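Q: After the structure tokens below, expect a handful of questions from me.
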Amino acid sequence: MPKIVHTDSVFRVDPVKPPDYAEANPLLKLLGLVERTRFAAEREHYEPASLQYLFPLRTLQLYGPTSPNQDQLDPEQQDDKNDFQKQNVRDFTLADTRAVRGWAEIGDWRGPFLQLSYRGGPDSALWREAGRLGDAIGCVLSVQGSRPMPVRVPYDEETDFYTIELWGRVGDGLRDLLGPRGRSALDSGLLQPRPDIVTGLGQDFLRDQMTNQDLRLVAPRHAMHPVLPCFIDLRWTASPDGAGSADPPSGSVRLGFEMKVRGWDNYLGVGTSPHPHGGVGFLEYRTLFSEYGRWAGSDDLRRSLEPYNFDAFGRKGHAGGDVEPFLAVTYMDLHVLDPACGIGLHRHRDNQEVFLMLEGDALMVVGDWADSGSRVRSFEVRRLPADHLALLKGGNLHGLMNPADQRASLFMFGGYD
């Protein structure tokens, strides 16, 4: 169950001086980091629409409520659902680790890749622990529950990060297919073919093979599974062989790509129904979220309730372990986003909410305001194309950006917070 992180700061807002969201906006700050991400090989080897970014958090700062509640800085007591200011992120700092995953393509191969990066320089936790770092560090990692394995991670002068990019492809013939940038990365160890760590094939989820299947049972360890999360357990070490000073000092930290996106390409099941509900012809369906029939118990739409949460009927003070086995909907809105319009980063304490793109593409952010217990608190950023939706849970934060030079339209429903 999500736990509020009370070490986050809440900034008291002077009622006569509201926030200036045009100055140092945290959504633009985060998406600027996405834009500055660099890849090991030539850009044409990556599918831009597939790229997903993970930025683990160190701290969050939020704005406090509007008047007359400007002095109520405890989020457990911020109960005015008409006050959106209390949800808004003011600023953030990031941890030393970053990750990217997506589809890579070269020759006749298409498959997943995973990039892991660690901050270089004396401001990182590992540098402080070790006293200094050399031209390479180590990373002991496990992807989707695999056996932990050490990998050497070289320093990348272009980004000032120690970076490793693992491709789920065998190494045979790879060098001959790469351009100068990719060959240099292969030589330095920045790019490594490791199908033993990053598993899965491009053809594992072809539509024609998925009829009447439960996609959760298809290639569940796939690093780019369309609906299952991808978890990475890792520990950074000062020595490239996985020994010496470490961050974290003991055990490992868990990263997770777990944004709940559904649509034409991301679904639980797909099939064809003749004479739907006594009608005529054939209907092709995709099950996105469901607690019905064979999907009962999937828990995707359920909501865990803490004592400070309002439930669907406006009640607080729940016992530990209480749940609502449904998605409560108290509003439905249509929105048009102008070019370069963004919905700012804001947290949800209580309610679930869905963003469904109707026209255009957006950059969707879903992150952790509360500690979910399933991964280290993070921002997760990925493309949200038309006819796809992203589900936000209580304890999450989210935002959305229309990066295009034309308008986009959005259907939102769920509960305001």
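Q: Out of all the residues in the stretch 54-73, which are of a type in the set (Ser, Thr, Tyr) and either part of a strand (DSSP E or B) or crowded, with 16+ Cβ neighbours inside 10 Å (or both)? Working first, answer last.
A: Of the residues in the stretch 54-73, the ones of a type in the set (Ser, Thr, Tyr) are 59, 63, 66-67.
Matches in the stretch 54-73: 59, 63, 66.
Q: For the stretch 271-306, give me the residue count where each residue is in contact with a Ser or Thr (Cβ under 7 Å, 6 or more places away or on another chain) and not acidic (Asp, Glu).
A: First, the residues of the stretch 271-306 that are in contact with a Ser or Thr (Cβ under 7 Å, 6 or more places away or on another chain): 271, 282-285, 290-291, 295, 298.
Adding the requirement that they be not acidic (Asp, Glu) leaves 271, 282-283, 285, 290, 295, 298.
Adding up the residues that qualify gives 7.
Q: Can you tell me which residue is modelled with the lowest pLDDT among those in the stretch 401-417 that are surrounded by fewer than 17 Cβ atoms within 10 Å (Cβ to Cβ) and assigned to a loop (DSSP other than H, G, I, E, B)?
A: My answer is 416.
Q: Next up: Looking only at the stretch 383-417, which residues are within 20 Å of residue 268 (Cβ to Cβ) and out of contact with any strand residue (DSSP E or B) (no Cβ under 6 Å at 6 or more places or on another chain)?
A: If the condition is that a residue be within 20 Å of residue 268 (Cβ to Cβ) and out of contact with any strand residue (DSSP E or B) (no Cβ under 6 Å at 6 or more places or on another chain), then 385, 393 are the ones that fit.
Q: Here's a follow-up. Restricted to the stretch 159-179, and to residues that are touching a residue at least 12 places away in the same chain (Cβ under 8 Å) and part of a helix (DSSP H, G or I), which residue is surrounded by the fewest Cβ atoms within 10 Å (Cβ to Cβ)?
A: First pass over the stretch 159-179, keeping only residues touching a residue at least 12 places away in the same chain (Cβ under 8 Å): 159-171, 173-174, 177-179.
Filter again for part of a helix (DSSP H, G or I), leaving 174, 177.
Values: 174: 19, 177: 15.
Per the criteria, the residue is 177.
Q: Starting from the stretch 1-25, keep only residues that are among the small types (Gly, Ala, Ser), then list their pairs with residues that are in a loop (DSSP other than H, G, I, E, B) whose Cβ atoms are within a distance under 9 Å, requiring at least 6 positions of separation or different chains.
A: Sorted first by the residue in the stretch 1-25, then by its partner, the pairs are 9/73.
Q: Give 216, 262 a once-over and let me know the one that is assigned to a strand (DSSP E or B) and basic (Lys, Arg). Break it down stepwise before answering.
A: Values: 216 fails: assigned to a strand (DSSP E or B).
None of the other options fit; the residue is 262.
Q: Can you tell me which residues in the stretch 383-395 are under 21 Å from residue 98 (Cβ atoms) and surrounded by fewer than 23 Cβ atoms within 10 Å (Cβ to Cβ)?
A: The one that is under 21 Å from residue 98 (Cβ atoms) and surrounded by fewer than 23 Cβ atoms within 10 Å (Cβ to Cβ): 383.
Q: When you scan the stretch 268-376 for strands (runs of 3 or more DSSP E) that lie fully inside it, which ones turn up with 1 or more residues that are of a type in the set (Gly, Ala, Ser) and surrounded by 14 or more Cβ atoms within 10 Å (Cβ to Cβ)? Spell out how you get there, then give the answer.
A: On the way: elements: 269-274, 282-287, 331-337, 342-347, 353-359, 362-368.
Output list reads 269-274, 342-347, 362-368.
Q: Also, quick follow-up: Check the stretch 11-28 and report whether any residue there is touching an Asp or Glu at 6+ places or on another chain (Cβ under 6 Å), outside the structural domain of residue 402 (by TED's automatic domain parsing) and not in a helix (DSSP H, G or I).
A: No, every residue in the stretch 11-28 fails to be touching an Asp or Glu at 6+ places or on another chain (Cβ under 6 Å), outside the structural domain of residue 402 (by TED's automatic domain parsing) and not in a helix (DSSP H, G or I).
Q: Kindly provide the set of residues from the stretch 137-153 that are buried (at least 18 other Cβ atoms within 10 Å of the Cβ) and in contact with a Phe, Trp or Tyr (Cβ under 9 Å, 6 or more places away or on another chain), ordered by number.
A: 137, 138, 139, 140, 143, 144, 153 - these are the residues of the stretch 137-153 that are buried (at least 18 other Cβ atoms within 10 Å of the Cβ) and in contact with a Phe, Trp or Tyr (Cβ under 9 Å, 6 or more places away or on another chain).
Q: If I ask for residues that are more than 21 Å from residue 310 (Cα to Cα), of a type in the set (A, V, I, L, M, F, W, C) and touching a Pro at 6+ places or on another chain (Cβ under 9 Å), which ones from the stretch 336-379 would you list?
A: Selection gives 340, 345, 357, 362, 363, 376, 379.
The values are calculated or read from the model by the stated rules, or taken from the named source; none is laboratory data. Worth saying up front: this structure is predicted, and the values here are computed from it rather than measured. As a convention, Cβ positions derive from the backbone with ideal geometry for all residues, glycine included, and neighbour counts pool all protein chains shown.
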